[in-house]
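The values are calculated or read from the model by the stated rules, or taken from the named source; none is laboratory data. In this text the structure is predicted, and so the values were computed from the model without any measurement. Here the Cβ is made from the backbone with ideal geometry for all residues, glycine too, and neighbour counts use every protein chain on show. These area figures cover heavy atoms from the full protein model, side chains too; ligands, DNA and RNA do not enter into them. Shrake-Rupley method; radii C 1.70, N 1.55, O 1.52, S 1.80 Å.
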Amino acid sequence: MTSDWKSDPRLQSMDPRKIRLLEEFAGQIAKTEKTNLLNAILSLNQKAAAQGLRFDDQETSLIVSVLTASMGPSEKKKVETLRLLSKKLAGRR
């Protein structure tokens, strides 16, 4: 993944702390095996919560859109499935 996503104008209004967390996350997932992506997403949610940050549904959809822009349809579908599963698991807490 390239860092092109950081220049997406839709992110300009997002809290800079969230952007920094996303930059860290992007670096982390670049090194993460695909089988461990769910754990990486859950870890991001926990880290954000520990910092008092919460991504609303609109921000989450935007983030997924930006980070998956260069992916093929099947990869995008996998990411979306992981996002929905992560959301369901986080809701159980």
Please indicate, with yes or no, whether at least one residue in region 73-81 is open to solvent by 60 Å² or more (accessible area, probe 1.4 Å), at pLDDT below 85 and not in a helix (DSSP H, G or I). no
Within region 1-15, of all residues that are at pLDDT below 80 and of a type outside the set (D, E, K, R), the one least open to solvent (accessible area, probe 1.4 Å) is TRP5
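If you check THR32 against the conditions, is it more than 19 Å from LEU11 (Cα to Cα), in a loop (DSSP other than H, G, I, E, B) and either modelled with pLDDT under 85 or open to solvent by 50 Å² or more (accessible area, probe 1.4 Å) (or both)?
Details: more than 19 Å from LEU11 (Cα to Cα): yes; in a loop (DSSP other than H, G, I, E, B): yes; either modelled with pLDDT under 85 or open to solvent by 50 Å² or more (accessible area, probe 1.4 Å) (or both): yes.
Yes; evaluated as a whole, the condition is true for this residue.
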Per the list (1) in contact with a helix residue (DSSP H, G or I) (Cβ under 7 Å, 6 or more places away or on another chain); (2) loosely packed, with under 12 Cβ neighbours inside 10 Å, residue check on LEU62 breaks on (2)
